[in-house]
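We did not get these values from a lab; they are worked out from the coordinates using the rules stated. Only a predicted model underlies this, so the values are computations on that prediction, with no experimental measurement involved. Positions of Cβ are backbone-derived with ideal geometry, glycine not excepted, and every protein chain shown enters the neighbour counts.
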DNA sequence: CAGGGATAGTGAACCTTTTCACAAGACTGG
DNA sequence: CCAGTCTTGTGAAAAGGTTCACTATCCCTG
Ligand SMILES: NC(=O)c1ccc[n+]([C@@H]2O[C@H](COP(=O)([O-])OP(=O)(O)OC[C@H]3O[C@@H](n4cnc5c(N)ncnc54)[C@H](O)[C@@H]3O)[C@@H](O)[C@H]2O)c1
Ligand SMILES: NC(=O)c1ccc[n+]([C@@H]2O[C@H](COP(=O)([O-])OP(=O)(O)OC[C@H]3O[C@@H](n4cnc5c(N)ncnc54)[C@H](O)[C@@H]3O)[C@@H](O)[C@H]2O)c1
């Protein structure tokens with residue numbers, strides 16, 4: 001029994017993305033070598049990553065795209081729709097709400113919250129905006145969601161995340177630059193692209209690539 | 001002479017971010033232990049990362065926030081303003097253009113391009129939008145930029161990135177889900193948050209955290 | 001100016017992750 | 001049905017990264 005490297009799990013999402021593309025293109029069979037080329041990975045790594053979760057290929061043949069995709073979705077829990085709740089309908093929040101491709105990938109916004117009373121009650125991308133304080137009521141109804149997307153102003157992020165957790169939500173995609181301090185049973189993924197911009201600056205300045213072995 | 005781990009470089013940006021906060025709060029001195037707590041890192045790692053680039057601390061005392069920040073900025077090439085050119089002024093592009101905090105961190109949009117002729121000529125967040133085809137002219141004038149931010153529709157991304165490279169730009173922050181195929185001397189950082197959402201799904205489904213040892 | 005308490009810098013040990021290399025199985029054509 | 005070819009699955013080796021533990025250095029107090 002092996003321990004599963006955390007990074008393998010994250011790569012699974014990457015593989016699934018590319019399998020989805022292959023599937024859409026009508027490709028039925030793929031080898032680890034071909035998939036690796038698409039993902040910019042090493043074929044042995046793909047095989048090893050998959051091996052942590054089972055045997056999905058056929059020796060001498062390759063992987064059946066549809067089967068592997070289905071298996072990966074099951075492993076990752078993405079063979080269902082996940083409901084998202086947005087906090088902070090500003091610049092970024094509006095872009096996220098209006099991003100149709102989320103739905104194609106199984107993510108649907110069921111609620112949106114803002115502090116600003118001018119926004120509350122208005123509709124953005126077909127979604128009526130609720131007041132942040134009402135989270136506990138909203139979550140009991142059709143606005144119930146599984147994952148919170150945090151895009152409030154930075155100075156409200158900690159505070160807001162606490163209320164999210166209090167309401168019983170245990171997963172947060174955090175777009176604010178704040179490192180949230182929350183109980184251990186809450187899963188947080190931080191997205192900060194200024195850090196990525198800095199990596200580019202370093203590359204341009206020194207001429208040396210900051211190659212990423214891990215997808216990010 | 002040691003080889004510098006690429007990930008160390010990326011962490012530098014993280015340290016710099018937190019040093020910036022300390023500096024704004026008027027803190028003058030910080031130890032590796034304190035900084036590690038803020039960043040969610042190990043103190044030895046911080047010291048080791050810094051050691052790759054020089055000696056910035058005082059034994060028995062700690063690091064002078066202002067000095068260390070200055071040193072890191074120099075190492076990373078962020079002690080100057082970097083000019084950004086936006087491609088694709090849609091949902092996401094508008095949010096990026098309107099994000100004032102970029103400027104605070106030394107990143108300024110000097111040009112914005114779109115394919116849509118209804119958008120070209122209009123002004124978004126104080127920026128006049130040019131036609132994608134005009135990149136070569138724009139880059140010769142005051143609209144010149146160092147880093148391209150790619151937020152076009154996915155099916156135009158590869159094509160658009162090629163034209164960016166042709167115009168002489170060698171760094172791209174790529175928000176599209178496409179893996180760009182470009183010459184080796186072009187630096188690309190991919191931002192794909194659906195992959196992060198999938199990691200959350202996995203955590204929620206299995207109950208096991210996908211802890212990130214590396215900042216992303 | 002000596003002693004105690006901090007804390008950076010760093011070689012070495014340790015741990016994790018990637019890559020290699022090959023056996024096992026699957027298909028093809030004759 | 002056999003030989004040749006392809007590709008997965010996987011133990012083992014290699015590479016890469018993190019953490020430990022210790023030394024060197026500094027500051028402060030008496
Ligand atoms: N816009 C970008 O491109 C971008 C890029 C990177 C990071 N971010 C981060 O995303 C966050 C939002 O950025 P933005 O540009 O959309 O800012 P914004 O000021 O346009 O929007 C913030 C919104 O959050 C709302 N808000 C504040 N406190 C709230 C609370 N407690 N509950 C619910 N809503 C609340 C505000 O009313 C406002 O509508 C910021 O933390 C920013 O640092 C934004
Ligand atoms: N909106 C989001 O929250 C979000 C999230 C993740 C990823 N993305 C990705 O970012 C990209 C943009 O998303 P969006 O929601 O802003 O889409 P959008 O359709 O609102 O905007 C795309 C814009 O790009 C322009 N465009 C197309 N081809 C171009 C070219 N060759 N040169 C310049 N401009 C061009 C279009 O005219 C349009 O204005 C997409 O690839 C999407 O997958 C968006």
- Would you check if residue A:48 is more than 20 Å from the chain's Cα centre (by Cα) and either more than 9 Å from DNA strand D (Cβ to nearest atom) or assigned to a strand (DSSP E or B) (or both)? no
- Query: For residue B:103, all conditions in the list (1) under 18 Å from residue B:146 (Cβ atoms); (2) not in a helix (DSSP H, G or I) hold save one; what is the number of the exception?
  - Reply: (2)
- Message: I'd like to check something: does the range A:199-215 contain any residue that is within 10 Å of ligand 1 (Cβ to nearest atom), under 22 Å from the mean Cα position of the chain (by Cα) and more than 7 Å from chain B (Cβ to nearest Cβ)?
- Response: no
- How many residues are over 15 Å from residue A:57 (Cα atoms) and more than 8 Å from chain B (Cβ to nearest Cβ) if we restrict to the range A:69-83? 6
- Among the residues of the range A:121-155, the number that are surrounded by 17 or more Cβ atoms within 10 Å (Cβ to Cβ), more than 14 Å from chain B (Cβ to nearest Cβ) and within 10 Å of ligand 1 (Cβ to nearest atom) is 4
- Task: For residue B:37, indicate whether it is within 11 Å of another protein chain (Cβ to nearest Cβ), over 28 Å from residue B:173 (Cα atoms) and away from ligand 2 (no atom under 16 Å from the Cβ).
- Result: yes
- Note on the structure: Scanning the range B:71-93 for residues that are surrounded by fewer than 16 Cβ atoms within 10 Å (Cβ to Cβ) and in a helix (DSSP H, G or I) gives B:74
- Scanning the range A:40-53 residue by residue, the ones that are away from chain B (no Cβ under 14 Å), touching a helix residue (DSSP H, G or I) at 6+ places or on another chain (Cβ under 9 Å) and either over 22 Å from residue B:189 (Cβ atoms) or within 16 Å of ligand 1 (Cβ to nearest atom) (or both) total 6
- Message: I want to confirm something. Restricting to the range A:2-30 and keeping residues that are within 25 Å of residue B:154 (Cβ to Cβ) and outside any helix (DSSP H, G or I), which single residue is nearest to the other protein chains (Cβ to nearest Cβ)?
- Response: A:25
